[in-house]
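Have a look at the structure below before the remarks.
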Amino acid sequence: MNIHTYEKAWLAVAMVLIVGFIATITYGAVGPGIAMIDDDGGTIDPDKINDDERFSDPGVTHVGGNEYEASIVAQAWSYTPGEITVPANSKVTFYVTSRDVTHSYTVVGTNVNTMVVPGQVSQMTAEFNETGEYGVLCNEYCGQYHHTMEGKINVVPEDEFDLTELSTDAPDEAQVGNQTTINATVSNGMNYDLEPTATLEIDDQTIEQDVTVPAHGSETVEFAVDTTDLGTGDHDWTVTVDGHEDGDTLTVTNATEGGDGDA
Ligand code: CUA
């Protein structure tokens, strides 16, 4: 059988095209290192999300070095937490699950995008090299207010990033002559111990205490306050730890009054 030269040429061109298409698809799938979303994140009972270690207190935690984990719960029609903050030059692994129906976690303007299916934990890793704000939205139709379902990722300079939190607990009122205590709890989201100094300022007194806060833990500092030194009346106080500040007012009342703190 004689095949015309032109026909042979076209056959050759067709073969080259087919091989080219297969090569392109293969390269697209494995070449640039794009990982497909899979079920690595595991499964979860959507009714027991609050009992889950990862999702009971969702948010950003430090894994080590420049690596962080962000656990996020989606529900109609919001994300918890709605807004997260990570440092620049970080590698963040997202774990996202849904409490109710199928949503998505889509970071606008990037290729970070996953379906969020109840019962499944979606896992994906992204690198954030530049500071800025990224919008997050849901692109799986999930009901009446689907279009309002949004979140935010703030990427801040590394030296501004901080997972330390300070909260205080103190009585509003104390009787003169009694000792009272102002408690300051420092929590540390980093994967290493912190050793800050906690400072209480009340009137013109300053009390300092060194505190060791374990990695992923918290520590409470107790400041003993002598109400006799302060005298009756209102005393504003602040506790400062590593740039975090919290405060309130302590009213010292007359022992005999025991009343509303007028002095
Ligand atoms: Cu959630 Cu659409």
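The values are calculated or read from the model by the stated rules, or taken from the named source; none is laboratory data. None of the values given here were measured: they were computed from a predicted structure. Positions of Cβ are generated from backbone atoms using ideal geometry, with glycine treated the same way; all protein chains shown enter the neighbour counts.
Residues in the range 115-139 that are surrounded by fewer than 18 Cβ atoms within 10 Å (Cβ to Cβ) and among the β-branched types (Val, Ile, Thr) were compared, and the one that is modelled with the lowest pLDDT is THR125.
Between GLY151, GLY143, the distinction of being assigned to a strand (DSSP E or B), within 16 Å of the ligand (Cβ to nearest atom) and either outside the structural domain of GLY65 (by TED's automatic domain parsing) or not basic (Lys, Arg) (or both) belongs to GLY151 only.
Here is the figure for the range 58-96: residues that are under 18 Å from GLU158 (Cα atoms), touching a helix residue (DSSP H, G or I) at 6+ places or on another chain (Cβ under 7 Å) and not small (Gly, Ala, Ser) total 2. Only strands (runs of 3 or more DSSP E) whose full extent lies in the range 39-80 are considered here, and the ones with at least 3 residues that are away from the ligand (no atom under 16 Å from the Cβ) are 59-64, 67-75. Screening PRO171 against (1) in the same structural domain as ASP246 (by TED's automatic domain parsing); (2) assigned to a strand (DSSP E or B) leaves a single unmet condition, (2).
Residues that are closer than 28 Å to ASN188 by Cα, within 16 Å of the ligand (Cβ to nearest atom) and not polar (S, T, N, Q) do occur in the range 87-98, at least one of them.
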